[in-house]
Amino acid sequence: MYLIFWISLFIIFYTYVGYGIVLFILVKLKRLFVKKRNIDDVHFTPSLTLVVAAYNEEKIIEEKIHNTLSLQYPEGKFKIIFITDGSTDGTDDIITKYPQIKLMHKEGRSGKIAAVHRAMHEVDSEIVVFTDANTFLNNEALLKISRHYENPTVGAVSGEKRVHIEEASDATAGEGFYWKYESKLKKWDYELYSVVGAAGELFSVRTALYIPVEPDTLLDDFMISMKIAMKGYKIAYDPDAYAVEASSENLKEEYKRKVRIAAGGIQSTIRTAKLFNPFFMPLLGFQYISHRVLRWTITPFLMIFVFLLNIYIVTQTANMLYHFIGMVQLAFYLLAFFGWLLERRQVRVKILFIPYYFCFMNYCMLAGMFRYFFTQKATVLWDKAKRK
């Protein structure tokens with residue numbers, strides 16, 4: 001019983017903190033033997049196509065177009081495709097006003113991944129960059145991304161996701177804290193070997209390496225990049241190329257998004273099971289399990305299990321260490337509960353955002369697992385979360 005408790009507690013710690021520590025140490029050790037590659041002076045600009053899938057984005061599409069047309073990249077090497085399949089709010093009509101952009105549109109909604117696959121038939125450049133319609137890129141994003149392809153071992157490049165946090169924000173601000181931590185882990189992941197999966201807000205691939213994923217894929221961006229990584233190519237990460245988006249309108253909208261991601265995480269774990277084989281790409285497998293799989297599978301259950309087991313152990317022993325660990329857990333969950341309580345009353349206490357969002361995130365993981373295995377509602381035709 002005590003051994004199970006400590007193993008479970010270690011897995012929880014390792015998932016959210018320990019892996020970051022191990023990663024930091026491994027990167028430091030690598031720097032002793034391998035000089036870090038400096039790409040600041042690399043100017044490599046292969047032909048590039050930017051693909052934007054937009055579904056009913058009438059309110060924001062004009063701003064997205066202006067942002068896209070302002071991006072720096074050599075003239076004659078840069079093409080833009082907007083695909084608006086299924087849109088019914090006039091998004092496609094707005095895009096037609098801009099001849100610099102190739103518009104692809106057809107009636108009927110088949111999902112984002114079907115639209116992306118259709119757009120890929122029109123891509124003839126060396127590199128293809130994907131970005132969401134509701135995110136805005138920094139001016140040099142494409143230049144920062146393209147320079148990594150000077151390295152032939154790089155098959156995909158992920159940019160950084162940044163969440164815009166308002167001063168008077170609610171608990172969805174926890175999303176911003178989460179992505180800052182994620183960014184640091186991705187930076188170290190790439191320095192050690194490779195990022196484990198890209199986020200759809202901003203990522204790119206070598207066109208020749210693009211592999212269409214299954215039409216029912218929930219995390220298409222993640223799976224597209226992981227298929228390339230599993231072929232032996234690295235996924236680079238560049239925080240100097242970033243996409244900014246607003247946080248979810250509220251936690252109800254964030255819940256929809258997180259549950260879908262969690263369901264997609266389970267699906268992705270099943271479809272990348274080959275990486276669990278220690279003889280197949282062991283370093284990538286280690287990074288993948290440590291950074292992704294544990295979060296998506298057993299750790300949310302272990303958090304509940306450890307808390308309940310801790311309560312039982314406290315009733316069986318006078319050892320003050322178990323009492324202390326129990327009190328720390330209780331205090332953390334009480335902070336999260338008060339964060340939830342104050343949020344319902346629209347009282348903003350930023351110190352409570354992190355415990356509240358952390359617990360909320362793990363609850364969404366459990367809900368996503370349940371949805372994927374039992375409700376049969378995991379579909380690519382999802383309602384996007386409303387943003388502020």
The chain: angle of helix 251-271 to the longest principal axis, Cα-based, in degrees nearest 10: 90
Eligible lysines near Lys28 by straight Cα distance, threshold 26 Å, same-chain separation 8 or greater: Lys36, Lys144, Lys161, Lys180, Lys184, Lys186, Lys187, Lys234
For Phe276, Phe286, order by how many other beta-carbon atoms lie within 10 Å, fewest first: Phe276, Phe286
³J(HN,Hα) computed for each position of region 55-62 - Karplus, 6.51 cos²θ - 1.76 cosθ + 1.60, integer Hz, glycine/proline x: 10, 6, 10, 3, 5, 10, 5, 4
Calculated from backbone phi, Karplus (6.51, -1.76, 1.60) coupling profile of region 112-119 in Hz, x at Gly/Pro: 4, 5, 5, 5, 5, 4, 5, 5
Angle in degrees between helix 320-344 and the longest Cα principal axis of the chain, rounded to the nearest 10: 50
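Note the full-extension length gain between Tyr16 and Asn139 as 0.36 nm times their separation in residues minus their Cα-Cα distance, in nm to one decimal. Write down the numbers at each step before the final one.
On the way: separation 123, 0.36 × 123 = 44.28 nm, distance 3.29 nm.
Length gained, Tyr16 through Asn139: 41.0 nm.
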Overall form of region 1-137 per C-alpha gyration tensor (a/c, 1.5; a/b vs b/c): oblate
Cα gyration tensor shape for the chain, rounded if a/c is under 1.5, else prolate or oblate: prolate
Degrees between helix 353-370 axis and first principal axis of the chain (Cα, 0 to 90, nearest 10): 80
Gyration tensor (alpha-carbon) shape descriptor, region 192-295, a/c threshold 1.5: prolate
For His323, His121, order by how many other beta-carbon atoms lie within 10 Å, fewest first: His121, His323
Estimated inter-spin distance, Ser183 and Asp93, nm [label 7 Å along Cα→Cβ]: 3.9
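Any chance you could run the full-extension gain for Thr375 through Tyr255? It's 0.36 nm times the residue separation minus the Cα-Cα distance, nm to one decimal.
So the extension gain works out to 41.6 nm.
Highest mean first, how do 265-272, 104-111, 287-294 rank when packing is the count of other Cβ atoms within 10 Å averaged over residues?
287-294, 265-272, 104-111
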Environment charge of Gly90, counting only residues whose C-beta is closer than 12 Å and scoring Lys/Arg +1, Asp/Glu -1: -4
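If each residue's Cβ is checked for other Cβ atoms within 10 Å, how do Val116, Val154, Val205 rank with the fewest at the top?
Least to most surrounded, the residues fall as Val154, Val116, Val205.
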In order through region 90-106: 3J(HN,Hα) via Karplus (6.51 cos²θ - 1.76 cosθ + 1.60), integer Hz, x for Gly, Pro: x, 4, 5, 5, 5, 5, 4, 6, 10, x, 5, 9, 7, 9, 10, 8, 8
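Just so you know, all these numbers are worked out from the coordinates, no wet-lab data involved. All of these numbers come straight from a predicted model, not from anything done at the bench. As a convention, Cβ positions derive from the backbone with ideal geometry for all residues, glycine included, and neighbour counts pool all protein chains shown.
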